[in-house]
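K.L.:
Provided herewith is a single structure, encoded as structure tokens, for subsequent inquiry.
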Amino acid sequence: MAAGISREVAAMTKTGTTKVWKTASSEETIAVGRELAALLKPPQMILLRGGMGAGKTTLMKGMAEALGAAEAEEVTSPTFTLVHEYEGEQEGAKVRLFHLDVYRLEQERQLETLGWEELRAADSLVLVEWGDKFPVLAQQADGEIEIEPLEGDGRKVTLRMKAEAKSS
């Protein structure tokens with residue numbers, strides 16, 4: 001656990017759970033990604049929200065690393081490839097981590113071509129950048145992670161899980 005990361009008390013309501021972290025550096029944002037990897041449990045689909053350069057891929061670096069799926073420097077943005085797949089392990093079970101970027105897609109039918117529904121297998125964590133563009137993804141998501149830039153390299157990372165979604 002990184003010393004500079006601040007955590008706000010998790011809020012639990014009828015609509016779900018919210019957890020908030022504040023970081024001061026990229027390294028701390030990667031550390032939050034590691035924590036998130038432990039909280040999320042397959043099968044889940046999570047929307048990644050944040051503007052260009054907000055730190056979505058930086059957060060994914062920590063998640064992939066925590067699952068033993070990739071080294072942080074191997075994780076890159078899927079902006080042009082649309083999807084990156086990483087295979088790792090969580091609590092002794094195989095986990096497939098999918099990182100999608102649907103920014104360049106213009107119509108919901110393009111999601112079908114991408115095969116996003118097939119990605120939602122029992123052993124999968126699916127994280128979708130710009131997924132809020134498409135109502136079908138927003139409706140079926142188990143939650144969202146919002147990343148907001150703070151001063152310097154700092155970030156505010158907010159995890160919001162729907163009440164019916166399972167996370168630790």
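K.L.:
Of 36, 100, which residue is among the hydrophobic types (A, V, I, L, M, F, W, C), in contact with a strand residue (DSSP E or B) (Cβ under 7 Å, 6 or more places away or on another chain) and in a helix (DSSP H, G or I)?
P.N.:
36
Okay, residues lined up against (1) farther than 16 Å from residue 29 by Cβ; (2) touching a residue at least 60 places away in the same chain (Cβ under 8 Å); (3) touching a His at 6+ places or on another chain (Cβ under 8 Å):
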{"site": "44", "(1), (2), (3)": "yes, yes, no"}
{"site": "55", "(1), (2), (3)": "no, yes, no"}
{"site": "82", "(1), (2), (3)": "yes, no, no"}
{"site": "93", "(1), (2), (3)": "yes, no, no"}
{"site": "98", "(1), (2), (3)": "yes, no, yes"}
{"site": "127", "(1), (2), (3)": "no, yes, yes"}
{"site": "143", "(1), (2), (3)": "yes, yes, no"}
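K.L.:
While we're looking at this one, here's another question. Which ranges mark the strands (runs of 3 or more DSSP E) fully within region 109-168 that have 2 or more residues being over 17 Å from residue 78 (Cβ atoms) and modelled with pLDDT of 90 or more?
P.N.:
In region 109-168, the matching strands (runs of 3 or more DSSP E) lie at 143-149, 155-162.
K.L.:
Also, I was wondering about something else. Provide a single number: the residues in region 73-121 that are of a type outside the set (D, E, K, R) and surrounded by fewer than 17 Cβ atoms within 10 Å (Cβ to Cβ).
P.N.:
Final tally of qualifying residues: 15.
The values are calculated or read from the model by the stated rules, or taken from the named source; none is laboratory data. Owing to the predicted nature of the structure, the values given are computational and were not obtained by experimental measurement. Please note: Cβ atoms are built from the backbone with ideal geometry, for glycine as well, and neighbour counts cover all protein chains shown.
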